[in-house]
Amino acid sequence: MHKLTSHGATGALLLVGASRGLGLAMAVEFLARGWSVVGTVRGSGRTKLHDLADEYKGRLEIESLDITQTNEIAALRERLSGRSFDMLFVNAGTANDNQGETIADVSTEEFVRVMVTNALSPMRVVEGLQDLVSGSGVIGVMSSGQGSVGNNEKGGHEIYRGSKAALNMYMRSYAARHAGEARALALIAPGWIRTELGGPDAPLSIGESIPKVVDVLVAQQGRPGLRYLDRDGNAVPW
Ligand SMILES: NC(=O)c1ccc[n+]([C@@H]2O[C@H](COP(=O)([O-])OP(=O)(O)OC[C@H]3O[C@@H](n4cnc5c(N)ncnc54)[C@H](OP(=O)(O)O)[C@@H]3O)[C@@H](O)[C@H]2O)c1
């Protein structure tokens, strides 16, 4: 018997970027709550998500997607044609290799890589896969507290911050274009967490954040409009 969500129902999740880190932990958490999950990884190599699929036969399917490749987004849309998901969540993201470098220092190539991965590509995934989400479903994207313009009083992580602020802006534009629709839209700030991206000095473990993030996402069901929320469900200043 699967544990039911706080809304008393389980659902179907399409989770983009589930090979490791926070995305993998989200897959684990949703599966533990009885959801069925289609999780994407890059390329064809074996990942920890494949180990999880062995454990959750039939409830976890693995698909391949590099979010920066528009042809791969279109191909995934085609492969999933006819399916309906209660939630699409785009977790995939990156950071510039040298987090200390400023906008004055960063190479154009590295700036473009981070912006394309964190701002443009998640939106292309949302635009390309939105039709797979039920009319009253949830579309979520992993943002960051660092994407808050209003909270940026200390600076630092300039390139990454800019990419998540841009992502937030594009989601607001998406929400404006889809005003009046029943779907819930969410940008999530999960906190600073020890992953490959977050590094060893982050204050939070994955287990201290992700179950809360999943609570927040599940609670968005049936709540139309866009919200930028932290792991406790509190609004983050834009
Ligand atoms: N950790 C933190 O403190 C923190 C805080 C706030 C927000 N976030 C955000 O949370 C998300 C996950 O971060 P994380 O800490 O779990 O980082 P991570 O451990 O480095 O994992 C990054 C994930 O994104 C995937 N990914 C990267 N580029 C991709 C692409 N082009 N196409 C498809 N998948 C791609 C990776 O896949 P591969 O295995 O193929 O590389 C991996 O699954 C990111 O959006 C990040 O910005 C993290």
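The values are calculated or read from the model by the stated rules, or taken from the named source; none is laboratory data. These numbers come from a predicted model, not from an experiment. In this analysis, Cβ positions are derived from the backbone assuming ideal geometry, glycine residues included, and neighbour counts consider all displayed protein chains. With ligands, DNA and RNA removed, areas are computed over all heavy atoms of the protein, side chains included. Shrake-Rupley method; radii C 1.70, N 1.55, O 1.52, S 1.80 Å.
Quick notes on this one:
- Among (1) modelled with pLDDT of 95 or more; (2) open to solvent by less than 50 Å² (accessible area, probe 1.4 Å), the one test that residue 43 misses: (1)
- The condition (being closer than 19 Å to residue 19 by Cα, free of Cβ contacts under 8 Å to residues at least 24 places away in the same chain and open to solvent by 40 Å² or more (accessible area, probe 1.4 Å)) is satisfied by just one residue among 177, 194: 194.
- Of all residues in the stretch 69-91, those satisfying the criterion of being surrounded by fewer than 17 Cβ atoms within 10 Å (Cβ to Cβ) and polar (S, T, N, Q) are 69, 70, 71, 81, 84.
- Extreme residue, farthest from residue 91 (Cα to Cα), among residues of the stretch 201-220 that are aliphatic (A, V, I, L, M) and part of a helix (DSSP H, G or I): 219
- Boolean, residue 125 is among the β-branched types (Val, Ile, Thr), within 16 Å of the ligand (Cβ to nearest atom), open to solvent by 20 Å² or more (accessible area, probe 1.4 Å) and within 16 Å of the chain's Cα centre (by Cα): no
- Taking the listed residues 82, 140, 156, the one that is more than 16 Å from the chain's Cα centre (by Cα) and within 16 Å of the ligand (Cβ to nearest atom) is 156, with no other qualifying.
- Which listed residue is open to solvent by less than 40 Å² (accessible area, probe 1.4 Å) and either under 25 Å from residue 160 (Cβ atoms) or under 15 Å from the mean Cα position of the chain (by Cα) (or both), from 34, 23: 23
- Verdict on residue 228 being among the aromatic types (Phe, Trp, Tyr) and either within 11 Å of the ligand (Cβ to nearest atom) or part of a helix (DSSP H, G or I) (or both): no
- Scoring residue 198 on the criteria (1) more than 13 Å from the ligand (Cβ to nearest atom); (2) touching a Phe, Trp or Tyr at 6+ places or on another chain (Cβ under 7 Å); (3) not in a helix (DSSP H, G or I) leaves a single failure, condition (1).
- Flag for residue 165 being within 16 Å of the ligand (Cβ to nearest atom), part of a helix (DSSP H, G or I), among the small types (Gly, Ala, Ser) and without any contact (Cβ under 8 Å) to a residue 60 or more places away in the chain: yes
- For the stretch 46-68, the set of residues classified as more than 13 Å from the ligand (Cβ to nearest atom) and either open to solvent by 40 Å² or more (accessible area, probe 1.4 Å) or in contact (Cβ under 8 Å) with a residue 40 or more places away in the chain (or both) consists of 51, 54, 55, 56, 57, 58, 59, 61, listed by residue number.
- Boolean, residue 97 is acidic (Asp, Glu), assigned to a helix (DSSP H, G or I) and over 18 Å from the mean Cα position of the chain (by Cα): no
- The residue that is farthest from residue 197 (Cα to Cα), among those in the stretch 8-20 that are open to solvent by 30 Å² or more (accessible area, probe 1.4 Å) and within 8 Å of the ligand (Cβ to nearest atom), is 19.
- Only one of the numbered conditions (1) in contact with a Pro (Cβ under 8 Å, 6 or more places away or on another chain); (2) assigned to a helix (DSSP H, G or I) is violated by residue 150, and that is (2).
- Criterion applied to 92, 75 was being in a loop (DSSP other than H, G, I, E, B) and not hydroxyl-bearing (Ser, Thr, Tyr), and the one residue passing it is 92.
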